[in-house]
Amino acid sequence: MRDSPTSAAFSGAVCVRFAPSPTGYLHLGGARTALYNYVFTRRHGGIFILRIEDTDLSRSTDEAIAQIVTSLSEMGLDWDEGPGKPGSHGPYRQTERHHIYAEHVRRLRDDGWLYPCFCSAEQLEAERQRAQAEKRSWVYGGACRELSSGEAERRIAAGEPWTLRFRVPDGVTSFHDMLRGPVEVDNDTIGDFIVQRSDGTITYNLAVVVDDVTMEITHVIRGDDHISNTPKQILIYRALGAPVPSFLHMPLLFGTDKKKLSKRHGATQLEQLTAMGYLPEVVRNYLCFLSTEFDESMIGWTLADLVDRFDVEQLGRSASIFDPDKLRWMNARYIRELDAAALGERLVEYLTRAGFYGDPQRWVAPDVAPIPGTAVAPEPRQEELTRAVAPLVQEKIELLSDVAGLAAWFFHPLRLHGDALERLRGTAGARQTLQAAAAGLSALEGWHLEGVEALVRGLPTQLEVKPKAVFAALRLGMSGQTVTPGLFESLWLLGREDAVRRLEAAASLL
RNA sequence: GCCCCCAUCGUCUAGUGGCCUAGGACGCCGGCCUUUCAAGCCGGUAGCACGGAUUCGAAUUCCGUUGGGGGCACCA
């Protein structure tokens, strides 16, 4: 039973944010969160803010921020306000918002919501251990809760380290999740939590709320690992006298072992996937369609389609597992639906980025790691060849990188290595087939696909060799491989001179 | 331990009390087609976590159990 969309309750403009912390790379789960936020806002004509949660300075890096920006751009997402896009709700990095937090802390403290606590971390840890040992639940006992302000001030003045805690009121805190309906939590399971550390910095739960309030966020869309934080945050909203936004906690993305997606799961970053030959828009759509009903016609959806046809509020509630097989199938499907010229374009772009043109003969598709800076621009001839190869491989590749296994041989002279040579030697009538084909091709009038095909098709009867053997010999002799694009097309694309040269070279090895 | 969230084929899911002998897709297996490999088409494999209750009737509602996940941080 799904509750009716809460958006109806919001008459004003929708405003959402994506707030990654740049402590590492943005993985697919984060990308998915960003996507849903984006689609939701655009769908409601709202604005999308990118905020960088870098409160943990020691673990935040500029490279991580750059990577996040790259990932989002690859999926086609743009933001109305955020890094590189100043607006009325800035600044957009938490490290630049200290004055805002300070001001709100002062307000909360003046209103009696916050109190200084002098309990040391060790002391609290010990209490926690003891509670654990006695199988009791533990929340902060409030030893400092009733300290008189006079005493507190005296101890602060005396230089004792202190933190600021939020005074959690009695009662029950509840909210309505857009996906899950009502969620209710008893406040005494929460316990007064720390809001300002002894070094004066602010804690996550306070920072998000202050940011969301000041940025006028109306809908918070994030992973369901935040559900248990929500009541604390709501308490802060109320203490601040600010309107509480709507919440939508989306199901998490797991690896094949049903654990939250992490580096251990192989390629879990958009850049890794695109380096391996997945198309970013396919990954984007795949991510979007997890937790929801999916049909093939959706594979080719554009971002605009997503915006007006995809409803985040229809999402399922349980975590889903990232399935590389299905993604691969989608990618193949998408490639087949591209028009050949577009595929050629993608192939050139991909092979350039992947450094293929530097050494086509030895190039190997990346497995998991992102491509390092190895881009090599194609020579005009290579680029032309790539575009010409595109329609020949379109039905056969699943990933852009698969083109190499199928067609790299076009890019370098014939190499018949041991295995292939053995096979060729074992193919009935190989030598005469190759010679006859070479002779036939050089004598061919004009150079058309139809002519090449007619010639090759005539060979079996002419030579009295089984068709299978003829085709096998030619395929091997032309490419050194057993798997290639269509035989006629390949010979034709090689051009008369190169085709003949290869077949003759192969024949001479027998 | 306490609190919260979740639970249909291996995976993504349809299913809102009778239309369910549980449907589709990926994967896997087999067949057809075929110059290889694919693609395509056809067929097969496999699931309501368990136990109670409500009901004429439950995958669907309620309660418990189990399992998974998250939180209980001077992490975000």
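The values are calculated or read from the model by the stated rules, or taken from the named source; none is laboratory data. Every value quoted in this text rests on a predicted model; they were computed, and no experiment measured them. Note that each Cβ is placed from the backbone with ideal geometry, even for glycine, and that neighbours are counted across all protein chains shown. Heads up: the accessible areas ignore ligands, DNA and RNA and are worked out on the full protein's heavy atoms, side chains in. Shrake-Rupley method; radii C 1.70, N 1.55, O 1.52, S 1.80 Å.
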Item checked: Portion, in percent, of the accessible area of region A:104-239 that falls on carbon or sulfur, probe 1.4 Å -> 47 percent
Note to self: Along each principal axis of its Cα atoms, how long is region A:361-510 end to end? Whole angstroms, biggest number first, please.
What the structure shows: 52, 34, 26
Checklist line | chymotrypsin sites (Phe, Trp or Tyr not before Pro) within region A:401-510, DSSP loop, no more than 16 other Cβ atoms inside 10 Å | finding: A:W447
Margin query: Give me the count of lysine pairs in chain A whose alpha carbons sit under 29 angstrom apart, restricted to pairs 8 or more positions apart or on different chains.
Written below: 14
Note to self: What are the ³J(HN,Hα) couplings of region A:116-129, residue after residue, when phi is run through the Karplus curve with 6.51, -1.76, 1.60 and θ = phi - 60°? Round to Hz, x for glycine and proline.
What the structure shows: x, 10, 10, 5, 7, 4, 5, 4, 5, 4, 4, 4, 5, 4
Next item on the list: Please quote Rg/Rh for region A:18-98 to two decimal places, taking the Kirkwood radius as Rh and restricting both calculations to Cα atoms.
Entry: 0.95
Notebook entry, point to check: What is the local net charge at A:L287, summed over the other residues whose Cβ is closer than 11 Å to its Cβ (Lys, Arg +1; Asp, Glu -1)?
Noted result: +1
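How much of the DSSP bridge set in chain A is antiparallel, in percent, rounded to the nearest 5? Present the calculation step by step, with values, prior to reporting the outcome.
Details: 16 of 30 bridges.
Given both bridge residues lie in chain A, the antiparallel proportion sits at roughly 55 percent.
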Checklist line | Amide H partners (placed H, <5 Å) of A:G87, local residues excluded | finding: A:G82
Check: Taking the Cα atoms only, what angle lies between the long axis of helix A:62-74 and the longest principal axis of chain A, rounded to 10 degrees?
Finding: 60 degrees
Check: Convex hull over the Cα atoms of region A:268-362, averaged projected area in nm²?
Finding: 7.3 nm²
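Among A:62-71, A:33-42, how do they line up by average Cβ neighbours within 10 Å per residue, starting with the highest?
On the way: A:62-71: 16.6, A:33-42: 23.9.
Order by mean packing, descending: A:33-42, A:62-71.
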Notebook entry, point to check: If you take all C-alpha pairs in region A:418-507, what percent of them are over 21 Å apart?
Noted result: 18 percent
Next item on the list: Keeping all protein chains in place, calculate the accessible area per residue for chain A (probe 1.4 angstrom), answer in Å².
Entry: 46 Å²
Next item on the list: Can you give me the three principal axis dimensions of region A:338-411 from its C-alpha atoms, in Å, biggest first?
Entry: 29, 26, 20
Check: Against the longest alpha carbon principal axis of chain A, how many degrees, from 0 to 90 and to the nearest 10, is the axis of helix A:467-479 turned?
Finding: 70 degrees
Check: Are there cysteines in chain A with no second cysteine's Cβ under 4.7 Å away, and if so, which?
Finding: A:C15, A:C119, A:C288
Next item on the list: May I ask which residue of A:T302, A:Y286, A:T268 lies farthest towards the positive end of the charge dipole of region A:249-320, with charges of +1 (Lys, Arg) and -1 (Asp, Glu) on Cβ and the Cα centre as origin?
Entry: A:T268
Next item on the list: Let me know the charge dipole size of chain A about its Cα centre in debye, to the nearest 20, where only the beta-carbon of Lys, Arg (+1) and Asp, Glu (-1) is charged.
Entry: 1000 debye
Note to self: Per residue of region A:16-22, what does 6.51 cos²θ - 1.76 cosθ + 1.60 with θ = phi - 60° give for ³J(HN,Hα)? Whole Hz please, x for Gly and Pro, Karplus curve as stated.
What the structure shows: 10, 9, 10, 10, x, 9, x
Notebook entry, point to check: What residue among A:I100, A:T214, A:V403 has its Cα farthest toward the positive end of the dipole of chain A, where the charges are +1 on Lys, Arg and -1 on Asp, Glu, each on the Cβ?
Noted result: A:V403
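What's the whole-number percent of alpha carbon pairs in chain A lying beyond 34 angstrom?
Values: 68284 of 129795 pairs.
Summing the P(r) tail past 34 Å for chain A gives 53 percent.
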